[in-house]
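Note sheet for the following structure.
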Amino acid sequence: MNAAFYDRSTTADGIEVLTETIDAVRSVAVGIWVRVGSRDEAPHEAGMSHFMEHMAFKGTPKRSAQEISAHFERLGAEFNAFTSKEYTCFFVRVIDERFEEAFEVLADMVSNASLAEDAILSEREVVLEEIARHDDTPDDAVHDLFAAELLKGHPLGEEVLGTRQTVGAFDRPLAVSFKQRHYTTGTVLVAAAGNVAHERVRDAATRWLALPKAERPTRALSQPSARPGLAVVTRDTEQAHICWGVPGLPAGSDQRFVIAVLDGIFGGGMASRLFQEVREKRGLAYAVYSYHSLYLDAGEFVVYAGTRPDNAREVVRIVSEEAARLASDGVSDEELERVRENMKGQLVLSLENTRSRMTRLGKSAATDTEILSIDELVARIDAVTASDVHALAQSLFSQPKTLAMIAPLQADAVADLVQ
């Protein structure tokens, strides 16, 4: 790892602290990251990581939910939280002189959430509404349907929100047990970026982040099986919402920059092959794009398209043909140069605020991936060659395909599209 642009240390209690000091700004973004997500939940706990994110905002012995919100608003702060399959993050961005005031409240929320029974019962209903809203949004829900099919039997195939059945049964004993096991000094880290010294962040974490001492647990990692998959939810929608894809790469792969370039060429922007072929030339979709997700032990490469049901088969056929063409013919020098330059530009623009920089530090530490400087990232992107992309396309697209669809269609109408 490169230590030139960030500092890293551990408090006496064992909490890891990472900071990137940026003197030219007047803000600080700080996140308390917990190495727990949906992949770490037992079947009856499905959705608990996300639920605990909600409960942190419901009050502590020191502050009510309203007082937490009012405190951050008085500081003029941005604050929120999010949960993924592998981590949970609570963050605040505030002017530098108010850092300690903001961090103390954030640490109180994470360390001392009351988990009161009445708050659990009310928040349970809120999350059930969130699940219902998600299910009523097919262009969102189809991505979870795809992941569940591609990663069937693997912890990464579980939904972050959980299910109506599991969330509806959450109670105080279950929440307290989950927090005691997962919110410890071994699983929590602090990441900050902005006009703040490393010692200031470490001192704040030492003073206010009171967590049970425990060693960092070892996650059970496993490679999901690659097999053809088909998941169709028949619903009376105006569009067929389609996800097509294959297993991708784990986060630590030395080809992760290659897959990012491949993604950009295939469906990552308005000049990409899929956008031009499906939308611009044929007018078959308003939204069509590809993306890739990298996890500790697995990954996914996915194409999404929304189209009228009568066009669904043709869209899937075009996506399959474009994937086969990329694997067969490779990429042009012009495509490669365009995507590499776009990636570098987007990278620099994305890191021009303290929250983005904090997130990069925290996510990398939470997933045990190397932390690279901007110059190193640019060099890695520039090092990707056309032959690298061609070889990876051959490898990726020779795998069994998975197709997920939410549409007014039956599974047998599209089953032959999966090989």
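No lab work stands behind these numbers, since they all come straight from the coordinates. Please read these numbers as outputs of a predicted model, since none were measured by experiment. Every residue, glycine among them, receives a Cβ derived from its backbone with ideal geometry; neighbour counts consider all protein chains shown.
Here are the numbers for the structure shown:
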read-out: Amide H contacts under 5 Å for A298, placed H, 5+ residues apart; value: A251
read-out: For A287, residues with placed amide H under 5 Å, excluding near neighbours; value: G306
read-out: K179, K213 arranged by Cβ crowding within 10 Å, fewest neighbours leading; value: K213, K179
read-out: C-alpha long axis of helix 256-267 to longest principal axis of the chain, angle in °; value: 50 degrees
read-out: Anisotropy class of the range 156-277 from Cα gyration tensor, a/c 1.5 cut; value: oblate
read-out: Value of relative contact order over the chain, rounded to a whole percent, pairs C-alpha under 8 Å and six or more apart; value: 23 percent
read-out: With Cα atoms, 0 to 90° folded angle of helix 99-112 axis to the chain main axis; value: 80 degrees
read-out: From phi via Karplus (6.51, -1.76, 1.60), per-residue ³J(HN,Hα) for the range 401-407 in Hz, x at Gly/Pro; value: 9, 10, 10, 10, 8, 10, 6
read-out: Spherically averaged projected area of the chain from its Cα convex hull (nm²); value: 20.2 nm²
read-out: Protection-proxy order for peptides 160-172, 392-404, each taking the mean of Cβ atoms within 10 Å per residue, highest first; value: 392-404, 160-172
read-out: Whole-number D in µm² s⁻¹ for the range 7-208, Kirkwood Cα-pair radius fed into Stokes-Einstein, 20 °C, 1.002 mPa s; value: 121 µm²/s
read-out: Calculated FRET value between E67 and T218, using beta carbons and R₀ = 45 Å, to 0.05; value: 0.75
read-out: Which of R282, R355 has the fewest Cβ neighbours within 10 Å, and the rest in rising order; value: R282, R355
read-out: Under-5 Å amide H pairs with S27, H placed in peptide plane, nonlocal only; value: D96, N195
